[in-house]
Amino acid sequence: MHTSTERGLKLVAIGGGTGLSTVLAGLKKLVGAHEIGGVWLDALAAIVTVSDDGGSSGRLRDELQILPPGDIRNCMVALSEDSTLLARLFRYRFRGAGQLSGHSFGNLFLAALTDVTGDFVEAVRLSSEVLASKGRIYPATLNDVRLVAQLEDGREVRGETNITASRAPIHRLRLEPEQCLPLPEALAALRSADIITVGPGSLYTSLLPNLLVARVAETIRESSAVKIFICNLMTQPGETDGYTARQHLETVRQHAPQIQFDYVLVNNRPINVEQTERYAAEGARQIGLTDHKLEDEFGGETEIVRADLLDEGEKVRHSPDKLTRVIVACYEQAASERQLLAGTPR
């Protein structure tokens, strides 16, 4: 493996929602940053879930028969220069009580450009150019995919919004149609990646839908990339109530057993009392702090990395910069170990 100073690395981040946007916001600072020294990125790509059926995205999906643009819009904004007027415009959400109420300008822009070009992927590419995004964004699939959850009580629930609203433990998740296909460009990015990250994000509605798309988990397994799973900070009401960090990983392994992660990143800094009380009122609690069974169950070929990953602020969020530093450190450690193994005589 080349050292990080010889060439830029290729990184693919997989997920959806605010979690993926957070990861991208930190990683974009490494794109083309070879003059700084150390690890830098020659290519940054995101594979984004397209199963959202609520809010502005759901309305556009139903009315215009396009893929839901919300998570993709968030990623485009995260990869853009934060200070630009266009980035602020893409984040703008219409108020009032009319038909535009609740719609994001960025969602409408993507919908309009899809209609003009006749191609959602091309619309995403052109929108990214408009925003001067520092990376490529790929929908997980172009199929009109819906989530189907088999609950622990035997019921089946269809649709992301209904799954979260059911507030019942989930036994298994599948896609409908099950044989939805990935973009060839997304698979090519995974094959050539030096680093692949999965998470953070809603386990059943942001992370697993990407891994269930045909050939994605298998391609990740075959890739020589350093594979990193970023664990969530909190449980999610209606989706992962009572889950530990270990249960998050077990669920990923159950749905995508092909993937062997090299590293699992777990936050080890407690949130403050005010945050604890506010999130508890919503039914969410912090995970990872006392979950020491992770090392017992996943400590073989997977290294559990515990670090302060919290952002400052009222909301409990990952810090983009802290995540980036730990991801880089994991890659450097893995590259060093692989070089040592390559130099070891048989």
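Conditions (1) of a type in the set (Asp, Glu); (2) in contact (Cβ under 8 Å) with a residue 40 or more places away in the chain; (3) surrounded by fewer than 20 Cβ atoms within 10 Å (Cβ to Cβ), marked per residue:
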{"site": "Gly199", "(1), (2), (3)": "no, yes, no"}
{"site": "Tyr204", "(1), (2), (3)": "no, yes, no"}
{"site": "Leu207", "(1), (2), (3)": "no, yes, no"}
{"site": "Glu222", "(1), (2), (3)": "yes, no, yes"}
{"site": "Ala225", "(1), (2), (3)": "no, yes, no"}
{"site": "Ile228", "(1), (2), (3)": "no, yes, no"}
{"site": "Asp241", "(1), (2), (3)": "yes, yes, yes"}
For region 119-140, which residues satisfy the criterion of being of a type in the set (D, E, K, R) and either exposed (fewer than 14 other Cβ atoms within 10 Å of the Cβ) or closer than 17 Å to Arg61 by Cα (or both)?
Asp119, Glu122, Glu129
Does Pro237 satisfy the condition of being crowded, with 20+ Cβ neighbours inside 10 Å and of a type outside the set (Ser, Thr, Tyr)?
no
All but one of (1) assigned by TED's automatic domain parsing to the domain that holds His255; (2) on the phi < 0 side of the Ramachandran plot; (3) not in a helix (DSSP H, G or I) hold for Ala168; which doesn't?
(1)
Please work out which one of (1) in the same structural domain as Arg88 (by TED's automatic domain parsing); (2) crowded, with 24+ Cβ neighbours inside 10 Å; (3) among the β-branched types (Val, Ile, Thr) is the condition Val116 fails and give its number.
(2)
Going through region 248-257 one residue at a time, which ones are touching a helix residue (DSSP H, G or I) at 6+ places or on another chain (Cβ under 9 Å) and either surrounded by fewer than 20 Cβ atoms within 10 Å (Cβ to Cβ) or under 22 Å from Arg158 (Cα atoms) (or both)?
His248, Glu250, Thr251, Val252, Arg253, His255, Ala256, Pro257
Take region 105-126 and flag every residue that is among the small types (Gly, Ala, Ser) and either modelled with pLDDT of 95 or more or over 24 Å from Val12 (Cα atoms) (or both).
Ala111, Ala112, Gly118, Ala123
When you go through (1) touching a residue at least 40 places away in the same chain (Cβ under 8 Å); (2) touching a Lys or Arg at 6+ places or on another chain (Cβ under 9 Å); (3) more than 20 Å from Lys29 (Cβ to Cβ) one by one for Leu310, which number turns out not to apply?
(3)
Taking region 183-216, which residues are closer than 21 Å to Tyr243 by Cβ and among the small types (Gly, Ala, Ser)?
Gly199, Gly201, Ser202, Ser206
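So that you can scan it fast, the table gives a plain yes or no per residue for (1) among the β-branched types (Val, Ile, Thr); (2) in contact with a Pro (Cβ under 6 Å, 6 or more places away or on another chain); (3) closer than 14 Å to Ile228 by Cβ:
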{"site": "Val266", "(1), (2), (3)": "yes, no, yes"}
{"site": "Gln275", "(1), (2), (3)": "no, no, no"}
{"site": "Val305", "(1), (2), (3)": "yes, no, yes"}
{"site": "Leu309", "(1), (2), (3)": "no, no, yes"}
Can you tell me how many residues in region 125-140 are part of a loop (DSSP other than H, G, I, E, B) and touching a strand residue (DSSP E or B) at 6+ places or on another chain (Cβ under 7 Å)?
3
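The rows are residues; the columns are (1) out of contact with any Cys (no Cβ under 8 Å at 6 or more places or on another chain); (2) farther than 21 Å from Arg221 by Cβ.
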site: Tyr263; (1), (2): no, no
site: Arg269; (1), (2): yes, yes
site: Ala280; (1), (2): yes, yes
site: Glu297; (1), (2): yes, no
site: Ile304; (1), (2): yes, no
site: Cys330; (1), (2): yes, no
site: Ala334; (1), (2): yes, no
In region 299-332, what residues are touching a helix residue (DSSP H, G or I) at 6+ places or on another chain (Cβ under 6 Å) and not small (Gly, Ala, Ser)?
Ile304, Leu309, Val316, His318, Pro320, Asp321, Leu323, Thr324
Output the number of residues of region 301-346 satisfying the condition of being assigned to a loop (DSSP other than H, G, I, E, B) and either in contact with an Asp or Glu (Cβ under 6 Å, 6 or more places away or on another chain) or more than 15 Å from Asp262 (Cβ to Cβ) (or both).
13
Between Leu60, Leu9, which is modelled with pLDDT of 95 or more and surrounded by 19 or more Cβ atoms within 10 Å (Cβ to Cβ)?
Leu9
Which residues, counting only those in region 272-295, are assigned to a helix (DSSP H, G or I) and among the hydroxyl-bearing types (Ser, Thr, Tyr)?
Thr276, Tyr279
Scan of region 141-168 for residues that are among the small types (Gly, Ala, Ser) and either in contact with a strand residue (DSSP E or B) (Cβ under 6 Å, 6 or more places away or on another chain) or surrounded by 17 or more Cβ atoms within 10 Å (Cβ to Cβ) (or both), ordered by number:
Ala149, Gly159, Ser166, Ala168
Examine region 331-340 for a residue that is under 19 Å from the mean Cα position of the chain (by Cα) and within 18 Å of Leu9 (Cβ to Cβ), and state whether such a residue exists.
yes
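The values are calculated or read from the model by the stated rules, or taken from the named source; none is laboratory data. In this text the structure is predicted, and so the values were computed from the model without any measurement. Here the Cβ is made from the backbone with ideal geometry for all residues, glycine too, and neighbour counts use every protein chain on show.
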